[in-house]
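To start, the structure under review is shown below, and the notes come after it.
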Amino acid sequence: MKTDNDTKQPGLTRSERRKASTRARIVEAAERLMRDRGVEDVTIQDITEAADVGHGTFYLHFKTKGEVLRPLIQHLSDQVHVRVDQAAHGETDPALRMALGLRILLRAIAEDPLWSWYARSETSFSDLVSEMGTPPAQDMRNGLKSGRFEVADPAATTSFINGALVGMIASLDDGARPDDIAD
């Protein structure tokens with residue numbers, strides 16, 4: 001799966017195209033290996049061998065093995081947003097959209113080992129939330145603007161929602177079923 005479209009953007013120099021192509025090879029190799037073996041069983045050495053790049057080249061693009069998952073998580077996040085839009089069938093109620101979005105997100109995290117590992121990794125939750133993109137935040141803003149949500153402190157409410165999501169993700173580790181925690 002190509003996650004970095006930079007390799008096809010016009011106007012890039014040859015050096016920029018090569019760099020983007022190398023990054024894409026690293027991401028593709030990491031995804032292939034991690035889906036095949038599991039994230040924990042793949043080393044940076046495995047990724048560099050599969051991508052046919054040196055260790056130093058890996059570290060020019062990524063600081064850690066977990067960081068190589070970021071472009072994949074962004075792609076998976078885009079897919080969640082598409083699924084939410086499809087499930088909402090043009091629904092504009094921000095509360096319904098947020099509820100659907102959280103259910104779909106939790107199921108996606110539970111179903112995909114890459115996303116599941118990333119959600120439980122050393123990645124800060126604020127980074128995970130930011131990688132979810134703007135649609136959930138936009139639903140919150142729309143709910144506040146329309147009066148659907150009455151919130152004294154939007155930042156605290158967002159933190160509360162994010163904390164609840166962390167708790168739900170943790171309950172997956174304790175054996176909870178995605179449908180149960182999502183509902």
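Laid out as a table, the results:
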{"quantity": "Radius of gyration and maximum dimension Dmax of the chain, Cα, Å", "calculated": "18.4, 55"}
{"quantity": "Span-like helix ranges in the chain, DSSP H, alpha carbon extent 20 angstrom or more, Kyte mean at least 0.0", "calculated": "94-111, 154-173"}
{"quantity": "Length gained when the stretch Asp85-Ile44 is fully extended (0.36 nm per residue, less Cα-Cα span)", "calculated": "11.1 nm"}
{"quantity": "Rounded to the nearest 10 Å², the accessible area of Met34 at probe 1.4 Å", "calculated": "0 Å²"}
{"quantity": "Local electrostatic count, Arg83, Cβ distance below 13 Å [Lys/Arg +1, Asp/Glu -1]", "calculated": "-1"}
{"quantity": "Two-site FRET efficiency, Ala176 against Ala152, from Cβ-Cβ distance with R₀ of 41 Å, rounded to 0.05", "calculated": "0.85"}
{"quantity": "Formal net charge of residues neighbouring Gly143 (Cβ-Cβ distance under 14 Å; K, R +1; D, E -1)", "calculated": "0"}
{"quantity": "Residue-normalised accessible area of the chain, expressed per residue, 1.4 Å probe, Å²", "calculated": "56 Å²"}
{"quantity": "Segment Arg14-Tyr59, length gained on full extension (0.36 nm per residue, minus Cα span)", "calculated": "14.1 nm"}
{"quantity": "Solvent-accessible area of Lys19 with every protein chain in place, 1.4 Å probe, in Å² to the nearest 10", "calculated": "120 Å²"}
{"quantity": "Value at 222 nm in deg cm²/dmol, rounded to 500, when DSSP H runs of n ≥ 4 in the chain each add -39,500 (n - 2.57)", "calculated": "-22000 deg cm²/dmol"}
{"quantity": "Distance histogram in 5 Å bins (all Cα pairs of segment 6-48, percent per bin)", "calculated": "5, 25, 23, 15, 12, 11, 7, 2"}
{"quantity": "Alpha carbon convex hull of segment 132-183, volume per residue in cubic angstrom", "calculated": "90 Å³"}
{"quantity": "Spacing of the two label points (7 Å from each Cα toward its C-beta) at Lys145 and Ile161, in nm", "calculated": "1.4 nm"}
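The values are calculated or read from the model by the stated rules, or taken from the named source; none is laboratory data. Treat the numbers as computed from the prediction; the structure is a model and nothing was measured. FYI the Cβ positions are ideal-geometry reconstructions off the backbone, even for glycines, and counts take in every protein chain you see. Quick note on the areas: whole protein, heavy atoms, side chains included, nothing else; ligands and nucleic acids left out. Shrake-Rupley method; radii C 1.70, N 1.55, O 1.52, S 1.80 Å.
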